[in-house]
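Single-structure report; data block below.
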Amino acid sequence: MAADSASGLEAAKGASKDSSSTGLPILQAQALGMRFAAPEGQISLFENLDFSINAGDSLAILGTSGSGKSTLLGLLAGLDLPSTGTVVMDSHDLNTLNEDERAVLRAGRVGFVFQAFHLLPGLTALENVMLPAELAGDSAARNKAAEALGRVGLSDRLLHYPAQLSGGEQQRVALARAFISEPQILFADEPTGNLDHKTGDQIIDLLFALNRDHNTTLIVVTHDQAVASRCARVRYLRNGVLTAEAG
Amino acid sequence: MLALRLLYRDWRGGELRLLALAVVIAVAAVTGVSWLADRVAGATEARAADLLAADHAVEYPEPIPSDWQAQAREQGLKTALTAVFPTVVVTESANRLISAKAVSDRYPLRGTLRVQPELGAAEEIPATIPKPGHAWIESRLFGLLDIEIGESLTLGAKKFTVSAVLSFEPDRGQGFGSLAPRVMLNHADLNATELLGPGSRVRHKLLLAGSQTDVLAYTDALAAEHGNAIEIETPSEQGRGAAEVIDQAKRFLGLAALLTVIVAGVAVLLTVRHYAERQITGVAVMRAMGATRQKVLSLFVGKLLWLALFAGGLGALLGYGLHLAMLALVADLLGTELPAAGWQPLATGWLTAGAALLGFALPTLVRLRDAPPMRVLREDLGSGLLRGGMPLLVAAVVIFALMGWQAGDIRVTLSVFAAVSGTLALLAAVAASVVYGARAWSRHYGQARLLWLTGFTRRPVTAVIQIVAVGVGLMSLFLLAVVRNDLLSAWQAEIPPDAPNQFLINIQSDEVAGVRRTLDDAGVDTTFYPMVRARMTELDREPVNAEDYDSAQARRLARREFNLSWTDTLASDNTIVAGDFWSDVDNPPPQLSVETEFAEEIGVGMGDQLTFTSGGSSVTAEVTSLREVRWESFNVNFFVLASPGTFDALPRTWLTSFYLPEQDTHVLNDLIRAYPSVTPIDVTSVLRIVRTIIDQGSRVVELMALLTLAAGVLVLLAALQITGEQRRFESALLRALGARGARIRAMARLEFWLIGAIAGALAGLAATAAGMVIAEVLFNLDYPFRPLTLVIGAGVGLVTVWAAGGLGARRYYRASPMRLLREG
């Protein structure tokens, strides 16, 4: 049940505020469906979702808790494979790639910001930000990380551990970590979910500023209408259906 | 290098400290033993030629004929003579059993002598041997004889002036026989002592040195001419017996060290599981960022290899210190210079560290590569990632492989593996029944009790692991410290108070009447036994070749002269187990009765014809009975007894044994003055020496047991770390519900007390049971069950666990309830 057609998104793209959009889809989903085995039998989270998003676009997927929006984000990012349908990222059909090949595809191309921040507790802010660059074998990881932390206003917190930082500061470290490898696509899962309203606003400002600076494609799942409204496009996931309408 | 950086970050975060400590302790145990064994074995090998003081030596039961020496010199060989015999040295105020050694010019042909001009002076290499009329004596004799340089002592019929302290002789030999202090004299003085009667226990040797071809040509010719009468010693022959003993000790200590490795392995398994659980999310984040499974695996393998490098190095350093401590403990027994420590044990240390980490830790960490990247979005994913018994199975295989490596023999490996697993399983079964029993009992005993027992019974599996780990460490310690002492005491208690404490040997036939009279006058009742010293030269008319035997003991028996006797009545401590003894037969024909263990050792059975040779004469007789002997009676007994008349053709001496109260030792002094060639052996001092050897040897093993206990404490701490979050939460919750800090600490204390007391009591019980089995099976001793060992065990366990656990868990109960709740 494709409530949101590819053409719909393509049409919406025309209204993109991002002038640097290339006009080529960087991510496409076709007939996407996800089912889970449960004690009472197979449960379908969603079925037949179709859409695509061009490079440089920003899309918010709004939905209530348990609507399956995080699972959808995971499928789009290639963290998991769908029960049915395909995801094509940067011309690669994710279904044809195994877990490691998808990881290679993600490396340097995809960044994440999580609700729970997911900073490694034993690492300083600097080391957390360095990690993706280090994994990619970048010898300038330290300098880049320091620079990235400077951009999120944490130059004076480089050697602090996550436990010594506030929630907002931790999410800023996570933003710096997400942008250090200059990803083409950034996936954000409830980026303000664990933050108070004011701090959440600051984080969103930062997220969109960075997005603009790096010309990144942004996909945000959230239940927060205010966050969603900052994106070029907003879609609602409700009862397994993706619609353009809030109703 | 990324792995190293990640390892450093883990270390800084305190994640891997217990893991590293467990590896350090395991490596220290293995390398300590390795260094000890290498250096002692190295000393033996390096000194093999020195041990002979020659390239080859020819031993002969008679004084070396002078033409042998002349012939050897004609063939371009260097020669020297030695004669070694036990005797008594007499001074004005004291006398002492010593080992005398007469040496001729040019001795030693290989290696060097070292002497000190005065006690405490610097050692020097003497230019000559002792001048005629002079003697060099070992330092401890100065005190024992109350004598100084320049004073005189008497050996048999000759007086000697003590002119130097003998600090080192290359061919001193090792083992029990060489423990008597040495007096060295000039070979030219030998006859003047009048100590060398026929049949006396003298080892005459002709030392030879020269090119290998010349030496072999000479010894082959001599062997062809004199056959079995001579014995040719080579350096490898000298080294082999010692090497075999060292090899056995090395294997035993190696397996003892493995016990530490196993317990440390449990600590590794526990800490790595805890560590891996905390890594799952981190790995999921890395995978979401694009790290492949291969990358994740190589990072963790890299971390482990770096950790093995550091912990292995540190452990080896500790092991080096440990081996120095062990060497200090057995310094008296070694008494020789050791070669410098080599590097090989360091490699052994790294291998052990690598095996421990890859074997115990990697199977758990390997699973992290499968951490689902979706976990970054859904925390519940991947929580069952570490379940399953594969790491335990791999650990068991690694332990088995390590045991095989140390034991070098599949049968020994299998039995040690079975014994260790059996002991662990038994300890675990008893511990589990106690813990689960307490759990069931506390449920029926009301709310207050339930609360009191909560820590102990709510985590029964952890409690059982802690009890077994600490219990194994304590058990090996108790077995060595308590049970060994008890066994020695039980053994000494079995010796009757009037058991013979003095032996007189080397009594010539014409001295028997006189010696008997002297003893009779002193009120000592004695029996005299005839004794022939002979070598077994043929078995069923085939020459006996020492090389045909596998065991060192059998080779020694086949090569050496040993003591034979004859009698017409069987002593009460002898039992015939096969054939018939000749006591009921008048004038029995020549025949032999052989002690069972000896018969087994050299492969002799009923009906075999044995030929004995002494002083150029031979006698052959048939074995008609086998005997069991109760050696612990301390009476005079022989491996081979003959019917009267069988050995008439062989030269004989006599011996006797008797109990002499301490205040009557003057009787012995009178005897020795009157019959200088008679050699007394004081059994009490022999027992003292045996006890010293056992004490020193077991202190080395005690060090190993202490390491095992340390590893056990690590397991305790590892288990505390795992339950730390739970304890933090329980403590916060109880405080929030109104419990005072004192009450929470009391609950933790009770838990440690219970774990420690049960572990200690179990260890005491297991050590006592092992002691009882050892006493019954190996020594045939009565070893009573001692409840006190259990009580002591419980006390020691309680204090150990309380101290270690209290320190380890303190932080979980210290933080404020607000902070605890906020941290979740």
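Summary table
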| item | result |
| --- | --- |
| Test: residue in the range B:310-322 that is touching a residue at least 24 places away in the same chain (Cβ under 8 Å) and within 14 Å of chain A (Cβ to nearest Cβ) | no |
| Meets criteria (in a loop (DSSP other than H, G, I, E, B), within 34 Å of the chain's Cα centre (by Cα) and either assigned by TED's automatic domain parsing to the domain that holds B:Thr82 or small (Gly, Ala, Ser) (or both)) for B:Leu119 | yes |
| B:Arg39 vs. criteria part of a helix (DSSP H, G or I), over 35 Å from the mean Cα position of the chain (by Cα) and either assigned by TED's automatic domain parsing to the domain that holds B:Phe168 or surrounded by fewer than 22 Cβ atoms within 10 Å (Cβ to Cβ) (or both) | no |
| Flag if A:Val113 is away from every other protein chain (no Cβ under 11 Å), crowded, with 16+ Cβ neighbours inside 10 Å, out of contact with any Gly (no Cβ under 8 Å at 6 or more places or on another chain) and touching a residue at least 24 places away in the same chain (Cβ under 8 Å) | no |
| Within the range A:78-94, considering residues that are more than 17 Å from A:Asn48 (Cα to Cα) and in contact with a Lys or Arg (Cβ under 7 Å, 6 or more places away or on another chain), the one surrounded by the most Cβ atoms within 10 Å (Cβ to Cβ) | A:Gly78 |
| Which numbered condition B:Ala157 misses (of (1) free of Cβ contacts under 8 Å to residues at least 60 places away in the same chain; (2) exposed (fewer than 14 other Cβ atoms within 10 Å of the Cβ); (3) closer than 16 Å to B:Leu185 by Cβ) | (1) |
| Any hit, the range A:64-76, residues being surrounded by fewer than 23 Cβ atoms within 10 Å (Cβ to Cβ), away from chain B (no Cβ under 12 Å) and touching a Leu at 6+ places or on another chain (Cβ under 8 Å) | yes |
| Members of the range A:212-247 found to be more than 17 Å from A:Asp189 (Cβ to Cβ) and among the hydroxyl-bearing types (Ser, Thr, Tyr), listed by number | A:Ser229, A:Thr243 |
| Close pairs from the range B:1-13: first touching a residue at least 60 places away in the same chain (Cβ under 8 Å), partner among the acidic types (Asp, Glu), Cβ under 6 Å, at least 6 apart | B:Leu2/A:Glu134 |
| Filter result for the condition that a residue is part of a strand (DSSP E or B) and hydroxyl-bearing (Ser, Thr, Tyr), over B:Ser565, B:Ser583, B:Ser572 | B:Ser565 |
| Close pairs from the range B:359-385: first buried (at least 20 other Cβ atoms within 10 Å of the Cβ), partner among the aromatic types (Phe, Trp, Tyr), Cβ under 6 Å, at least 6 apart | B:Leu365/B:Phe300; B:Val376/A:Phe114 |
| Search result, residues across the range A:166-183 that are buried (at least 19 other Cβ atoms within 10 Å of the Cβ) and farther than 15 Å from A:Asp201 by Cα | A:Val173, A:Ala174, A:Ala176, A:Arg177, A:Ala178, A:Phe179, A:Ile180, A:Ser181, A:Pro183 |
| Residue within the range B:333-342 that is of a type in the set (A, V, I, L, M, F, W, C) and either within 14 Å of chain A (Cβ to nearest Cβ) or assigned to a helix (DSSP H, G or I) (or both) present | yes |
| In the range B:692-735, residue surrounded by the fewest Cβ atoms within 10 Å (Cβ to Cβ) [restricted to those that are touching a residue at least 60 places away in the same chain (Cβ under 8 Å) and among the acidic types (Asp, Glu)] | B:Glu702 |
| Within the range A:132-144, tally of residues that are part of a helix (DSSP H, G or I) and within 13 Å of chain B (Cβ to nearest Cβ) | 6 |
| Residue satisfying all of: in the range B:362-407; in a loop (DSSP other than H, G, I, E, B) and touching a Lys or Arg at 6+ places or on another chain (Cβ under 7 Å); nearest to the other protein chains (Cβ to nearest Cβ) among these | B:Leu381 |
| Selection status of B:Arg96, modelled with pLDDT under 85, in contact with a Leu (Cβ under 9 Å, 6 or more places away or on another chain) and of a type outside the set (Ser, Thr, Tyr) | yes |
| B:Phe400 being of a type outside the set (Val, Ile, Thr), modelled with pLDDT of 85 or more and in the same structural domain as B:Ala29 (by TED's automatic domain parsing) | yes |
| Candidates A:Ser67, A:Ser58, A:Ser91, filtered to the one that is among the small types (Gly, Ala, Ser) and free of Cβ contacts under 8 Å to residues at least 24 places away in the same chain | A:Ser91 |
| Subset of the range A:84-110 [on the phi > 0 side of the Ramachandran plot and within 11 Å of chain B (Cβ to nearest Cβ)] | A:Gly108 |
| A:Val129 being more than 11 Å from chain B (Cβ to nearest Cβ), part of a helix (DSSP H, G or I), in contact (Cβ under 8 Å) with a residue 24 or more places away in the chain and not aromatic (Phe, Trp, Tyr) | yes |
| Options A:Ala163, A:Ala176, A:Ala188, A:Ala209: the member that is under 16 Å from the mean Cα position of the chain (by Cα), more than 25 Å from A:Pro25 (Cα to Cα) and either without any contact (Cβ under 8 Å) to a residue 12 or more places away in the chain or within 14 Å of another protein chain (Cβ to nearest Cβ) (or both) | A:Ala176 |
| Check on A:Ala174, modelled with pLDDT of 90 or more and not hydroxyl-bearing (Ser, Thr, Tyr) | yes |
| Within the range B:1-15, considering residues that are crowded, with 21+ Cβ neighbours inside 10 Å and closer than 21 Å to B:Gly265 by Cβ, the one nearest to the other protein chains (Cβ to nearest Cβ) | B:Asp10 |
| Scan of the range B:280-294 for residues that are more than 8 Å from every other protein chain (Cβ to nearest Cβ) and surrounded by fewer than 24 Cβ atoms within 10 Å (Cβ to Cβ), ordered by number | B:Ile280 |
| Qualifying residues in the range B:179-197 (those that are at pLDDT below 75 and closer than 26 Å to B:Gly133 by Cβ) - the one surrounded by the fewest Cβ atoms within 10 Å (Cβ to Cβ) | B:Gly197 |
| Lone qualifier among A:Leu159, A:Leu218, A:Leu207, A:Leu186 - being in a helix (DSSP H, G or I), of a type in the set (A, V, I, L, M) and at pLDDT 85 or above | A:Leu207 |
| Out of A:Gly122, A:Gly74, sole residue that is closer than 18 Å to B:Pro372 by Cα, without any contact (Cβ under 8 Å) to a residue 40 or more places away in the chain and touching an Asp or Glu at 6+ places or on another chain (Cβ under 8 Å) | A:Gly74 |
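The values are calculated or read from the model by the stated rules, or taken from the named source; none is laboratory data. The structure displayed is predicted, hence computed values, not measured ones. With ideal geometry, Cβ positions are generated from the backbone for all residues, glycine too; neighbour counts draw on all protein chains shown.
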